[in-house]
Amino acid sequence: MKKSIKMFLISLCLCPLLLLSACGTTTYYTITVSPSDSVLGSVLGTLSDTTQVEGTTMTLTAKENNAQTNPFVCWIKNNNTVVGTDSTLVLTYNSDTAGRYTALFAETNPSSMMYTALNTITFDPADDVTSINFSLSYSRTASGSDVYTTLASQTITTENTYTSDHTSVLYLGSAGTISSYQYRFSLQITTTDSTGRESSYTLTSQTILSNSYFNGTSSCEIIIYDNISDSNIVLSFEKLSRELFATETQFL
């Protein structure tokens, strides 16, 4: 009986320690960092691939090899989102920040550039249309998938042109390579006329975007024919540059 009581008391003492141990489980996250082209610049402040405990803070600095010809442009996360335009980026390891970060430096040759951003979408609706709700999505053709990812969506009422904030980007391929990623676009549209009547339809671009489509320039246009309004919808894409971002910003 005394032995049983003794074991019971020992168990009571050990339970809090076991609970504390379980509650104190350490969580690790991985952040991978690299320059867009090591010929153009480098990243200071981290190894190329680091795994750290949650809550650890890391400061990254993009260093240009030639600030005049190839200045730093922005930080891109997971090849699809601009997360900062200041050359210094502060990250705290957690589930939101884990991922791959690229310090983009301005490329010399636009026809083989790595990233582009949607700049504008220009509509030409019928005269009685009072608002246009749209969702522009893209699918990477090489993947063989029909799954589309949203690139931009909004309702416009006062004018027929949508202007992007350039934070959602398309990855066109690695520096120095001939092959590139190719994208097809789908545009879902709902128009509302002056009587309140809505019309919804989907348009798919026959033109496939790749870095070769820029043809040595910093911008390009893709035209989608809208058979409902018998007009052309123009998608304008721009090479990522410092000029696209008005101020130096960290978005995280």
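Annotations for the structure displayed:
- Picking from residues in the range 178-222 that are of a type in the set (G, A, S) and in a strand (DSSP E or B), the one that is farthest from M114 (Cα to Cα) is S199.
- Some residue of the range 158-170 being of a type in the set (G, A, S), surrounded by fewer than 17 Cβ atoms within 10 Å (Cβ to Cβ) and under 17 Å from the mean Cα position of the chain (by Cα): no
- Every test in (1) more than 21 Å from the chain's Cα centre (by Cα); (2) among the hydrophobic types (A, V, I, L, M, F, W, C); (3) surrounded by 14 or more Cβ atoms within 10 Å (Cβ to Cβ) is passed by I223 save one, and that test is (3).
- Search result, residues across the range 117-157 that are modelled with pLDDT of 90 or more, more than 20 Å from T190 (Cβ to Cβ) and polar (S, T, N, Q): N119, S139
- T59 falls short on exactly one of the conditions (1) closer than 27 Å to L209 by Cα; (2) surrounded by fewer than 16 Cβ atoms within 10 Å (Cβ to Cβ), and that condition is (1).
- Taking the criterion of being of a type in the set (G, A, S) and in a helix (DSSP H, G or I), the residues of the range 95-127 that qualify are S111, S112.
- Members of the range 171-201 that are crowded, with 16+ Cβ neighbours inside 10 Å and small (G, A, S): G173, A175, S180, S186
- Checked against the criterion of being over 14 Å from K239 (Cα atoms) and in the same structural domain as Y225 (by TED's automatic domain parsing), the range 84-94 has no qualifying residue.
- Among the candidates F123, F105, F134, residue that is among the hydrophobic types (A, V, I, L, M, F, W, C), within 21 Å of A62 (Cβ to Cβ) and surrounded by 16 or more Cβ atoms within 10 Å (Cβ to Cβ): F105
- Some residue of the range 108-118 being closer than 29 Å to R242 by Cα, loosely packed, with under 13 Cβ neighbours inside 10 Å and not aromatic (F, W, Y): yes
The values are calculated or read from the model by the stated rules, or taken from the named source; none is laboratory data. Small disclaimer: the values here were computed from a predicted structure and weren't measured. Every residue, glycine among them, receives a Cβ derived from its backbone with ideal geometry; neighbour counts consider all protein chains shown.
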